[in-house]
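The values are calculated or read from the model by the stated rules, or taken from the named source; none is laboratory data. All values reported here derive from a predicted model rather than from experimental measurement. Cβ atoms come from the backbone with ideal geometry, glycine included; neighbour counts cover every protein chain shown.
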């Protein structure tokens, strides 16, 4: 059963045609890596899925419900779609624990005790249980990103969108974040990632989607598509990143 | 020769003036910052029409003298049927004045919050009011806190003008005393020191509040 469905999605920034008729169907449990050059529309695509960006034509559904940018709709969507950003976007004035507990208490109206139990469990999962009372600025980039993952998980989303979440990290910190993602993939959570981590896409992903000039240019099984690209554009891209 | 002891018999006058100034300062600081916060939020996030209204208010107040604003409210408004006591007129004038200046200061704080913070709150399902109060306000106020503190002190000092419409504040007391005993030097010197003390106290109060609000900066 399809969890995320995009049908002929077109998006314009003024005259600039960013997404040119995207069709994409993502099933529950899939790990989909979206790759491509900058400006190919990858991040925009991701941001359309949870209503952060408006699209002009076509349709997107998540779990059967249509996605729009209306405020109420975006908030309802937040219950099933989690998102992690390149720059973490942790709230600096809250402790790690408060960051993770915020949405469960004020959006899901959970009791403080219940939210704290969830928060501790999620931080445990990302290996940061002992940082519950620390403030974000005291953590490394990799740790901050893992807290952001825990914060998204605390809302028990059906699908997690990751927008270049290792791109702002020092190389030695990338591994710890990818390890968490790999763990999540094993647990069966649906992941859609915009990424430059080809090894991760190949070893953990269930599908690779190559975007070029606002279109899905080529997609398929990671091992096949990455070792044997069919189009010249993907060959060229692979040559550039490897 | 200087005769500070001549002021002693008027200590009641000074104390009652001091009390009025302190009361008005506390009240107008709270109301003025609240007004400024509301207007800054509208100016930063509101629709075009409401932004326009706030801009007109802010520019009108920031480009006219405070004493004219005060006289207009106290002497002018009765012409359209709004009779206010000197104390009420002063309270309103000071609040409106601080509101306008703090709007611009607070808006700078709001503008410093990255779009990413707001998006993060949005994708977690927070509504706009929750995003403002839980996510935006604390870091925004932290950025502009010193400027806001100074503005509140400026308005407190500027409140000396309200003695002109016979509010019996600290400056009114000084005027009264020196007109009775002709000890202008002593009277105004003591008054100046009292204002200085008030400024220091107000700054101290702001710092103490800031330490609580922005505890995360100093935490380890």
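Can you tell me which residue is surrounded by the fewest Cβ atoms within 10 Å (Cβ to Cβ) among those in the range B:99-127 that are more than 22 Å from residue A:156 (Cα to Cα) and either without any contact (Cβ under 8 Å) to a residue 40 or more places away in the chain or within 14 Å of chain A (Cβ to nearest Cβ) (or both)? Outline the logic, then answer.
Taking the range B:99-127 first, the residues more than 22 Å from residue A:156 (Cα to Cα) are B:99-115.
If we keep only those that are either without any contact (Cβ under 8 Å) to a residue 40 or more places away in the chain or within 14 Å of chain A (Cβ to nearest Cβ) (or both) as well, we get B:108-109, B:112-115.
On the way: B:108: 16, B:109: 22, B:112: 13, B:113: 18, B:114: 11, B:115: 8.
Per the stated criteria, the residue is B:115.
Could you check the range A:77-92 and list, in sequence order, the residues that are more than 7 Å from chain B (Cβ to nearest Cβ) and more than 16 Å from residue A:154 (Cα to Cα)?
Selection gives A:86 alone.
Right, residue A:51: buried (at least 16 other Cβ atoms within 10 Å of the Cβ) and at pLDDT 90 or above or not? First the steps, then the outcome.
Details: buried (at least 16 other Cβ atoms within 10 Å of the Cβ): yes; at pLDDT 90 or above: no.
Answer is no for this residue.
Does the range A:117-126 include one or more residues that are assigned to a loop (DSSP other than H, G, I, E, B), in contact (Cβ under 8 Å) with a residue 40 or more places away in the chain and either crowded, with 18+ Cβ neighbours inside 10 Å or more than 11 Å from every other protein chain (Cβ to nearest Cβ) (or both)?
Yes, the range A:117-126 contains at least one residue that is assigned to a loop (DSSP other than H, G, I, E, B), in contact (Cβ under 8 Å) with a residue 40 or more places away in the chain and either crowded, with 18+ Cβ neighbours inside 10 Å or more than 11 Å from every other protein chain (Cβ to nearest Cβ) (or both).
Could you pull out the residue among A:152, A:185 that is outside the structural domain of residue A:25 (by TED's automatic domain parsing), crowded, with 17+ Cβ neighbours inside 10 Å and in contact (Cβ under 8 Å) with a residue 12 or more places away in the chain? Reasoning before the result, please.
Details: A:185 fails: outside the structural domain of residue A:25 (by TED's automatic domain parsing).
Matching residue, one of A:152, A:185: A:152.
Does the range B:163-185 contain at least one residue that is closer than 15 Å to residue B:14 by Cα, more than 14 Å from chain A (Cβ to nearest Cβ), exposed (fewer than 13 other Cβ atoms within 10 Å of the Cβ) and within 19 Å of the chain's Cα centre (by Cα)?
There is no residue in the range B:163-185 that is closer than 15 Å to residue B:14 by Cα, more than 14 Å from chain A (Cβ to nearest Cβ), exposed (fewer than 13 other Cβ atoms within 10 Å of the Cβ) and within 19 Å of the chain's Cα centre (by Cα).
Within the range A:100-109, can one find any residue that is within 14 Å of chain B (Cβ to nearest Cβ) and either touching a strand residue (DSSP E or B) at 6+ places or on another chain (Cβ under 8 Å) or farther than 14 Å from residue B:125 by Cα (or both)?
No; the residues of the range A:100-109 include none that is within 14 Å of chain B (Cβ to nearest Cβ) and either touching a strand residue (DSSP E or B) at 6+ places or on another chain (Cβ under 8 Å) or farther than 14 Å from residue B:125 by Cα (or both).
Could you pull out the residue among A:22, A:49, A:60 that is in contact (Cβ under 8 Å) with a residue 40 or more places away in the chain and closer than 14 Å to residue A:211 by Cα?
It is A:22.
Go through the range B:128-140 and give me each residue that's in contact with a helix residue (DSSP H, G or I) (Cβ under 6 Å, 6 or more places away or on another chain) and more than 7 Å from chain A (Cβ to nearest Cβ).
The answer is B:131, B:140.
What's the number of the condition residue A:84 fails, among (1) farther than 20 Å from residue A:189 by Cα; (2) touching a residue at least 40 places away in the same chain (Cβ under 8 Å)?
(1) is the only condition that residue A:84 fails.
Can you list the helices (runs of 4 or more DSSP H) found entirely within the range A:195-242 that contain at least 2 residues being in contact with a strand residue (DSSP E or B) (Cβ under 6 Å, 6 or more places away or on another chain) and surrounded by 13 or more Cβ atoms within 10 Å (Cβ to Cβ)? Outline the logic, then answer.
Values: elements: A:198-203, A:222-227, A:232-241.
Here the list reads A:222-227, A:232-241.
Quick one: would you say residue A:31 is within 14 Å of chain B (Cβ to nearest Cβ), farther than 30 Å from residue B:212 by Cβ and in contact (Cβ under 8 Å) with a residue 60 or more places away in the chain? It would help to see each step written out before you state the result.
On the way: within 14 Å of chain B (Cβ to nearest Cβ): no; farther than 30 Å from residue B:212 by Cβ: yes; in contact (Cβ under 8 Å) with a residue 60 or more places away in the chain: yes.
For residue A:31, the condition - within 14 Å of chain B (Cβ to nearest Cβ), farther than 30 Å from residue B:212 by Cβ and in contact (Cβ under 8 Å) with a residue 60 or more places away in the chain - is not met.
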